[in-house]
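Asker: Before we start, here is the structure in question, set down as C-alpha cells.
Any read-out appearing in this document is the output of simple, stated calculations on the displayed coordinates, not a laboratory observation. This structure is a prediction, so every number in the text was calculated from the model and none was measured. Note that each Cβ is placed from the backbone with ideal geometry, even for glycine, and that neighbours are counted across all protein chains shown.
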Amino acid sequence: MNTSLVCVDASMVVDLLIGLDDPDLVTLWETWIKDKTQLVAPLLLRYEVVNVLYQISKKSQLSRETIDEAIQALNRLPMQLYSDPELHGRAFTLAKDLSLGALYDAHYLALASSLDCEFWTRDAKLARAAQAKYRWIRLLEHT
C-alpha cells in the first residue's frame, strides 16, 4: 500500500470547501498536508464539486460570493488530478463488480486501486458497498 498517496472524492472536498464545522475532517486534511501526503483524484472531481456547489446555490443555502470563494479554493487545493483514459475501463469493471448505481464513484475507486493507495469518502453507501471487497476504502463519517 502506497502510504504517501491518498485518493479523496468530491464528498470530502465539498465538505472541506464549504466550511462544515467538522474537526475530524479538518484534522485529517491538515495531517495529510503536514505529512506531505500527495492527494489524488480523477479530473472528474472538479466537475462534481462545482456541480454540488451549484445545487447548493440553487437552494439559496450559500451566497454567490461564498460559492465563488469555494471554487477559487478548489483550484488552489494541493491535489494531483488524473485524466488517464484507462481509468474508464477499470471504473466500469469496478462499478459492475460492486453493483453501483452510477459510474462516477467508481472512477475514484479505479484510481486508488491503480495507484495502490487508500480511498477516502464521506459517502457511507459507497463505502459500505466497497469495503466488503476492498480493504483500502476509508469512510470519514459526518460528526
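Asker: Pick out, from V26, Q72, L103, the residue whose Cα sits farthest towards the positive end of the charge dipole of the chain, with +1 on the Cβ of Lys and Arg and -1 on the Cβ of Asp and Glu.
Answerer: L103
Asker: Here is a follow-up. Residues with amide H under 5 Å of M79's amide H, sequence separation 5 or more or different chain, H placed in the peptide plane at 1.01 Å from N; which?
Answerer: Hits under the 5 Å cutoff: none.
Asker: Can you pull the one-decimal nm distance between simple spin-label points at A102 and S57, each 7 Å off the Cα toward Cβ?
Answerer: For A102 paired with S57, the spin-label model returns 1.9 nm.
Asker: In percent, what relative contact order does the chain have, based on Cα pairs under 8 Å that are 6 or more apart in sequence?
Answerer: 34 percent
Asker: Classify the stretch 25-105: rounded, prolate or oblate, from the alpha-carbon gyration tensor (a ≥ b ≥ c, eigenvalue square roots; a/c under 1.5 rounded; otherwise prolate if a/b is larger than b/c)?
Answerer: Note, shape of the stretch 25-105 comes out oblate.
Asker: If you don't mind, another one. Measure nothing but the geometry: give the 0 to 90° angle between the long axis through the Cα atoms of 64-76 and the longest principal axis through the Cα atoms of the chain, rounded to 10°.
Answerer: Between helix and principal axis, roughly 40 degrees.
Asker: Still on this structure, please answer the following. Please give the contour-minus-distance gain from A132 to Q72: 0.36 nm per residue of separation, less the Cα-Cα distance, rounded to one decimal in nm.
Answerer: Full extension of this stretch gives 18.0 nm more.
Asker: If Lys and Arg each add +1 and Asp and Glu each add -1, what is the summed charge of the other residues whose beta carbon sits under 9 Å from the beta carbon of L25?
Answerer: So the surrounding residues net to -2.
Asker: Could you compute the net charge surrounding D9? Neighbours are other residues with a C-beta less than 10 Å from the C-beta of D9; K and R count +1, D and E count -1.
Answerer: My count for the surroundings of D9 gives -2.
Asker: Quick one: plug the Kirkwood hydrodynamic radius of the chain (C-alpha pairs) into Stokes-Einstein at 10 °C, 1.306 mPa s, and report D in µm²/s.
Answerer: In µm²/s, the coefficient is 102.
Asker: Quick one: which residues, 5+ away or cross-chain, put their amide H under 5 Å from the amide H of V8? H built at 1.01 Å from N.
Answerer: Placed amide hydrogens put V40, W120 under 5 Å from V8.
Asker: Calculate one ³J(HN,Hα) per residue across the stretch 93-98 by plugging θ = phi - 60° into the Karplus curve 6.51 cos²θ - 1.76 cosθ + 1.60, and present them in order as whole Hz with x for glycine and proline.
Answerer: With the stated coefficients, the stretch 93-98 comes to 4, 5, 4, 5, 4, 9 Hz.
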